[in-house]
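Trainee: Dumping the structure here so I can ask a few things about it.
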Amino acid sequence: MYPLIRNRRLRASQSIRRLVRETIMTPDDFLVPLFVVEGKNIKEEIASMPGQYRMSLNILANEVRELWKMGLCAVLLFVKVDDSLKDNKGTEALNANGLMQRAIKTVKEACPEMLVMTDVALDPFSSYGHDGIVGDGQILNDQTNEVLAYMSISHAKAGADFVAPSDMMDGRILTIREALDDEGLENTGIMSYAAKYASAYYGPFRDALDSAPVDVKNVPKDKKTYQMDPANRFEAIKEAQMDVDEGADIIMVKPGLPYLDIVRDIKNEIDVPIAVYQVSGEYAMLKAAASKGWLDHDAVMLEQLVAIKRAGANVIASYFAKDFVRTLG
Ligand code: PBG
């Protein structure tokens, strides 16, 4: 008891703080999201995500080599496809020579050891901007699962190490796991977006991929019938548990910072690695505030990242990955 115990002794210098620090960040913690487009030599900055780009395949090759040199070892791929290729069933997602399939091969050729994860959902391929097939004013669950399974097989055959279903349909992990195994792809992992909330923080991402739900009659205007209600907590544990039971290797909570209570709840209950996705809107907020001189960019970024890891993240999907590595000097 005070004055015999003085907690400030453990904070008295930088060296003692280093010695007793509980949470240490390294480049190994990061999964780097990347946006891919058709074309050559294209590197377009995304307006609402300063420092993030839509890249053509040849630029993507350079980018992954640079990431690897920086010590980053895993990427999460997203593609922006032309409107002319979109339909209700996401047919283009299954094209063996589609942009995603070529992007996977490009990364593996440029940097064979780079771990490749791919987003599995229909929204970038859907004429309605939904993660699933639309029918009778609803998002059809089981029909969507079938397409997601074929999509996963296609990504795995192109060389993806993990597929990352982000759609929140019921039962899709089981459907995908069985489909992969039937094809002899039992070594392909599944990172499930297990607790993905219907969040307004995804706005800049939907700008980046032009993937927002469209405003047409008889089509839901938002994703609230499949993504989770931000008010719910126990439901997240149930979702995560079911996905693990169905065969998920890694489970994800998304967005990040506003949902760290959920990360900790799941961490306490379930023994598989947890990924946390610090999403586009979180990135945009800090970039905007820092550009106005209202927040210290690097200090706030480091505080946010360490909070995500402290809460229980084993993997952090973050647009700040390169900024983080730069702070290491
Ligand atoms: C697509 C998907 C989304 C994100 C990742 N995968 C958007 C959405 O569900 O509408 C969001 C990522 C971000 O905001 O950074 N299913």
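Trainee: With (1) open to solvent by less than 40 Å² (accessible area, probe 1.4 Å); (2) farther than 30 Å from ASP29 by Cβ as the list, and ASP87 as the residue in question, which single condition is left unmet?
Mentor: Of the numbered conditions (1) open to solvent by less than 40 Å² (accessible area, probe 1.4 Å); (2) farther than 30 Å from ASP29 by Cβ, the odd one out for ASP87 is (1).
Trainee: Right, here's the next one. In the range 56-75, which residues are among the acidic types (Asp, Glu) and either buried (at least 20 other Cβ atoms within 10 Å of the Cβ) or touching an Asp or Glu at 6+ places or on another chain (Cβ under 9 Å) (or both)?
Mentor: Of everything in the range 56-75, just one residue is among the acidic types (Asp, Glu) and either buried (at least 20 other Cβ atoms within 10 Å of the Cβ) or touching an Asp or Glu at 6+ places or on another chain (Cβ under 9 Å) (or both), namely GLU63.
Trainee: Another question, then. Can you pull out every residue in the range 102-152 that is within 26 Å of LEU60 (Cβ to Cβ), more than 17 Å from the chain's Cα centre (by Cα) and hydroxyl-bearing (Ser, Thr, Tyr)?
Mentor: Within the range 102-152, THR106, SER126, SER127, TYR150 meet the criteria.
Trainee: Ok, one more. Starting from residues that are within 15 Å of the ligand (Cβ to nearest atom) and touching a strand residue (DSSP E or B) at 6+ places or on another chain (Cβ under 6 Å), keep the ones in the range 285-312 and report whichever is nearest to ILE251 (Cα to Cα).
Mentor: It comes out as ILE308.
Trainee: Pairs under 6 Å by beta carbon, first residue within 13 Å of the ligand (Cβ to nearest atom) in the range 188-203, partner hydroxyl-bearing (Ser, Thr, Tyr) and part of a loop (DSSP other than H, G, I, E, B), six or more apart or different chains?
Mentor: Within 6 Å, the pairs are TYR193/SER166.
Trainee: Can we say ALA208 is open to solvent by less than 70 Å² (accessible area, probe 1.4 Å) and touching a Lys or Arg at 6+ places or on another chain (Cβ under 7 Å)?
Mentor: When the stated conditions are applied, ALA208 passes them.
Trainee: Is it true that PRO258 is in a helix (DSSP H, G or I) and within 15 Å of the ligand (Cβ to nearest atom)?
Mentor: So PRO258 fits the description; yes.
Trainee: Find the residue count for the range 217-228, including only residues that are part of a loop (DSSP other than H, G, I, E, B), open to solvent by less than 60 Å² (accessible area, probe 1.4 Å) and more than 10 Å from the ligand (Cβ to nearest atom).
Mentor: Within the range 217-228, residues that are part of a loop (DSSP other than H, G, I, E, B), open to solvent by less than 60 Å² (accessible area, probe 1.4 Å) and more than 10 Å from the ligand (Cβ to nearest atom) number 2.
Trainee: Taking VAL272 as meeting all but one of (1) touching a residue at least 12 places away in the same chain (Cβ under 8 Å); (2) within 16 Å of the ligand (Cβ to nearest atom); (3) not in a helix (DSSP H, G or I), write down the number of the exception.
Mentor: Status for VAL272: all satisfied but (2).
The values are calculated or read from the model by the stated rules, or taken from the named source; none is laboratory data. Computed from a predicted model, the values in this text were never measured in an experiment. Neighbour counts run over all protein chains shown; Cβ positions are idealised from the backbone, glycine included. Just the protein is used for accessible areas: all its heavy atoms, side chains included, with ligands, DNA and RNA removed. Shrake-Rupley method; radii C 1.70, N 1.55, O 1.52, S 1.80 Å.
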